[in-house]
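Heads up: the structure comes next, in structure tokens.
Any read-out appearing in this document is the output of simple, stated calculations on the displayed coordinates, not a laboratory observation. Computed from a prediction, not measured in an experiment: that's the story for all the values here. Here the Cβ positions follow ideal geometry from the backbone for every residue, glycine too, while neighbour counts run over all protein chains shown.
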Amino acid sequence: MYKTHKCGELRPEHVGEEVTLAGWVNRRRDHGGVTFMDLRDRYGVVQIVANPDISSDAHKAADAIRLEWVIQARGNVRMRPEGMENVSLSTGEIEVEVIELRVLNPAKTPPFLINEEVEVEEMLRLTYRYLDLRRARLQKNLELRHRVVKYIRDFLDERDFWEIETPILFKTTPEGARDYLVPSRVHPGEFYALPQSPQQLKQLLMVAGVEKYFQIARCFRDEDQRGDRQPEFTQLDLEMSFVEREDVISLTEELFTKLVEKVVPEKRLLSKPWPRFTYQEVIDRFGRDNPDIRFGLEIVDITDLAEGCGFQVFERAVESNGLVRGINAKGAGAFSRREIDNLTDFVKEYGAKGLAFIALDEQGVFRSPIQKFFDDESFQAIIERLQGEPGDLLLFVADEHKVVHESLGQLRLHFRDLMNLADDNVLAFCWILDFPYVVWNEGERRWDPSHHLFTSPMPEDIPLLDEDPGRARGQQYDMVLNGYEVAGGSIRIHERELQEKAFELIGLEPELAKERFGHMLEAFEYGTPPHGGIAPGIDRICMILAGEPNIREVIAFPKNQTARDVMASAPSVVEEAQLQELHIAGLVDEE
Ligand code: ASP
């Protein structure tokens, strides 16, 4: 037997017992002819002592041992001498006096310290991911992720859900990204597409009479990488039959409320039940459909006051059907001109042409280069609308709708970070409802689905699909947590005719629709129950629960920012013979 006990479990009640431990050498020091080592396994660290008076062989062996060697130690648990206890260690009251020491495997000097939380360049961490994963931070994240998934499985099992696997080699299942393709060897010139989500398959499981399905599903999307994106990621994919929007929302809300209370009890939910907003409301108040509602600084509309106010920049925005909106950055009234210029540069990145400001110092005196353009009454009315008080900084953007929302939405988050306005220990979940069914894609001059192809419009808005598609709302719901969209779902279309109409609306030619989704259309003719579902992103949720800045920290073997596995070096060049076998030889140009 390699070990009788876990390193981290030994306590004073084990004193007098002979134990066998195995693990990695976390620290090592020689002191007065005696070698002290911290032995680490997944459960913690314990001090072991090799004293030549007890065993000269063990002491000799200890002499050669270095950090991260894997060793086995047999010895007796005893209390540490008085004054030598280590209160920061759960095993800190005891130590193990070694009788026998065996080296199971030596280790080269690791490229970075495993036993300390020091900053290590990410490229190096990813190259030696198996060493990085040994460190306390990532061990904690792996465990948290396990707990989250386990909680989900148990919760859904208790509510009659079946966990069903769906194929990875499949056909295009679009969620708005590019597909990953896999060439077929047996069918020359044909390709599988990796699913961007199991969307079609879970709906077909509803046609199949499963009624309640879930899966911890891997999804593949070939899109440009950002901080919280990976080419493959994991969703809790879930679908239910005979449900309305409320059924899916309340089940999901109960799941994550209870999960948080059980798995991360140290965190606080901002509110229970979770607030719900319409899409329009969050755009108006927070500038974006994934709002961080842990703090205020809400956006205030002054378009009505800006009309005829005297300041041409504002007036012109109103005349061209734009908006004038602002935020009151409480307590930033003393920002220097330079600091305000930085804010202006910041909003310019989001398309704003400028940032108008009114600073109120502690005495309530204004500092505002635009004041001179306004008539007094309008100026006062604007300050009042934003509830400006001494010490505040009022900031305004006047532009077309999208620019105003985006720049002020981002500026609000910028202030959150700048002034530490959001508490990391608070989890602010909310629901966003009543999304537009389709959004206009100016570049391609067509309507795009706001969620995906299979989402149902609001029943009362179906006539609008012909008359005024931009005004139709979809039966879509998004779950947002601390400013991240962490789930999206919808009630689906379950009738062939309406599905065909939806395809037509987004410009999918009937022939192409049949080729890609003929199986769905056909299935809808064989008795399809009304159904709907949702897909919470496991990576993002774990990232937020773990307080990590990006999803790579909660994925065991993530790709880097350019979609590369730098540890195994993937993607990689393959043998010409393999390409031939797959009938794609000669397609790849040598650069
Ligand atoms: N398939 C959707 C997604 O991946 C989620 C859903 O509608 O259930 O975003």
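Numerical summary
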{"read-out": "Order by protection proxy (mean Cβ within 10 Å, highest first), peptides 29-35, 6-12", "value": "6-12, 29-35"}
{"read-out": "Rg and Dmax of the stretch 117-251, Cα atoms only, in Å", "value": "18.4, 53"}
{"read-out": "Fully extended contour minus Cα-Cα distance, from Trp440 to His401, at 0.36 nm per residue", "value": "12.6 nm"}
{"read-out": "Zero-based 10 Å bins, Cα pair distances in the stretch 421-539, whole percents", "value": "13, 38, 32, 12, 4, 0"}
{"read-out": "Proximal lysines to Lys267, defined as alpha-carbon separation beneath 26 angstrom and excluding residues fewer than eight positions away on the same chain", "value": "Lys140, Lys150, Lys258"}
{"read-out": "Stretchable slack from Gln580 to Lys501, in nm (0.36 nm times residue separation minus alpha-carbon distance)", "value": "24.2 nm"}
{"read-out": "Simple label model, 7 Å out from Cα along Cβ direction - Lys514 to Asp160, nm", "value": "3.9 nm"}
{"read-out": "Cα convex hull of the stretch 466-591, projected area averaged across orientations, nm²", "value": "13.6 nm²"}
{"read-out": "Label-point gap, in nm, between Asn321 and Arg102 - each point 7 angstrom along Cα→Cβ", "value": "8.0 nm"}
{"read-out": "Inter-part distance where the stretch 253-326 and the stretch 508-577 are each reduced to a Cα centre, Å", "value": "29 Å"}
{"read-out": "Net length gained if the chain between Tyr130 and Ile216 were fully extended (0.36 nm per residue, minus Cα distance)", "value": "28.6 nm"}
{"read-out": "Under 16 Å from Lys559, Cα to Cα: aspartates and glutamates that are on another chain or at least 8 residues apart", "value": "Glu121, Glu122, Asp132, Asp222, Glu223, Asp224, Asp228, Glu232, Asp539"}
{"read-out": "Kyte-Doolittle at least -0.5, axis length at least 18 Å by Cα - qualifying DSSP helices, the chain", "value": "245-263, 401-418"}
{"read-out": "Theoretical ellipticity at 222 nm over the chain - DSSP helices of four or more residues, -39500 (n - 2.57) apiece, nearest 500", "value": "-8500 deg cm²/dmol"}
{"read-out": "Cα-based reach from Lys348 at 26 Å (exclusive), listing lysines while leaving out same-chain residues under 8 positions away", "value": "Lys330, Lys372, Lys402"}
{"read-out": "Cα principal axis extents for the chain, largest first, Å", "value": "93, 75, 55"}
{"read-out": "Highest to lowest packing among 146-156, 181-191, scored as the average C-beta count within 10 Å", "value": "146-156, 181-191"}
{"read-out": "Highest-first arrangement of 414-420, 90-96, where packing means the average Cβ count within 10 Å", "value": "90-96, 414-420"}
{"read-out": "Whole-Hz couplings from phi, Karplus 6.51/-1.76/1.60, listed for the stretch 439-455; x for Gly and Pro", "value": "10, 6, 9, 5, x, 8, 6, 7, 7, 10, x, 6, 10, 8, 4, 9, 6"}
{"read-out": "Total formal charge among the other residues, if their Cβ is under 13 angstrom from that of Ala208, Lys/Arg +1 and Asp/Glu -1", "value": "0"}
{"read-out": "Amide H partners (placed H, <5 Å) of Ile94, local residues excluded", "value": "Arg80"}
{"read-out": "The chain - share of DSSP beta bridges that are antiparallel (%, nearest 5)", "value": "90 percent"}
{"read-out": "Separation between Cα centres of the stretch 95-112 and the stretch 1-40, rounded to whole Å", "value": "10 Å"}
{"read-out": "The stretch 222-356 - Kirkwood radius from inverse mean 1/r over Cα pairs (Å)", "value": "19.5 Å"}
{"read-out": "³J(HN,Hα) computed for each position of the stretch 352-362 - Karplus, 6.51 cos²θ - 1.76 cosθ + 1.60, integer Hz, glycine/proline x", "value": "5, 7, x, 9, 7, 9, 10, 9, 10, 6, 4"}
{"read-out": "Amide hydrogen neighbours beyond the local backbone of Arg27, cut-off 5 Å, H modeled", "value": "Asp38"}
